[in-house]
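Every number here is computed from the coordinates shown, using simple stated rules; none is lab data. Quantities reported herein were computed from a predicted structural model and do not represent experimental measurements. Positions of Cβ are backbone-derived with ideal geometry, glycine not excepted, and every protein chain shown enters the neighbour counts.
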Amino acid sequence: MRSWLLLLGCNFMWALQFTCVKLVQDQVGPLFTVWGPMALATLMVYPLVRRDGRSIEHRDWRTSDILVFLLLAIVGVFPGQVFITWGTRMSLASNAALLMLTLPVSTAFLAFVFLHEKMTSIRWVSFALAIIGVLMCSDIDFRTLNFGKGYLYGNLLIFVGTLGSAFYNSYGKKVLERYSPTEMLFFTYLAMFFIMTPLTLAQEPRAFAAIPHFTLQTWIGLALLTFFHNYLSMVLFLKALKQLDAIQAALSNYLITFFGVPIAAVWLKEKLTPLAIVGGVLILGSTLLITLWETRQASDKCQVVPAAQ
C-alpha cells in the first residue's frame, strides 16, 4: 500500500510539469526552464548518492560508461525534458498530459528498434492508434488541412519528447547492470548539466539577467519544477520500484493524465475540444492494449510452462 501511495505522489508531481511550463514561459525560454531546475536537482540528488556508501572518486570508471550516460542525456533526457517543455509552450498543458499516455507504446516501439524485441501485431496497432490520437489532439481542420493554432507542431515535439523518455526507460537497463538507480539519475543529470549549460548561455543569455525580475508566478513554477518534478518525484519513484515490478510502475503513469488535465483546467482555465477528448481516448486505448494485453499474454505463458523437475 505504501508503494502505491508513493507512485500516486510522484505521478501527481510529474503532472504538474505541464502547468509549470506555462507559468514560467513569459519570462524564460525552454532551455532555461529545463536547465535551472535540473541543475539544482543535481545538487540535491548528490547527497543521496553519497549516502549509498559508494565512492564516486574511486569508482572503476569505464569510457563506455561515460559514453552511455552522454547517450542517455542527449537521446533520452534532452528530448524528454527540452522537447516536451518546448512543445507544451506551443500547445496546451492538457494536450501534453494526454500525449504522455503514448509513453508505454513508445517504449515498446523503441525496444523493437534498439533492443531488437519482437514488434507484434498488437504493438503495431497500438502504435498506429497512438499516432492517430496525437493528430486528433492537434486542432487540425482536416477538411482544409488548416493546422489551427499550431498545436500540431507542439504536439509533435511532445511526442518526440516521449520517445526520448521511452529511450531512457529501455536503454537505461544497461546502465543499471553496474550502477544503482540513484547513481544513474545523478550521472545522467550531471551529463545534462555539461551539455545544457553552454547551450543555455548561448541561446538564452537574457534569462540569467532577468532572474532578479522574476515574478512570483515564475518563481513558483521554477520551484515546483525543481523540487517536485526533478527531485522528489524521482526519489519516490525509485523507492516504489524496490517494492513493485516495472509493469505495475508503468501502469501508474496513466495517473499523469488523470492529474494533468484537471490541473491545467483549474489553474490555466484550459478546455479540451471534443476531438481532442476522442484523441485522448484513442491514446489511452492504445496504451491499455499494449500493456494489459501483453501482461495477460505473459501471464498465460507462465501458467502453461511446466515446472522444472
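Highest mean first, what order results for 220-227, 264-271, 191-198, 90-97 on Cβ atoms within 10 Å?
Ranked from most to least packed, the peptides come out as 90-97, 220-227, 191-198, 264-271.
Whole angstrom only: what separates the Cα centroid of the stretch 205-240 from the Cα centroid of the stretch 19-49?
4 Å
Between residue 63 and residue 121, what is the label-point separation in nm under the 7 Å Cα-to-beta-carbon projection?
4.8 nm
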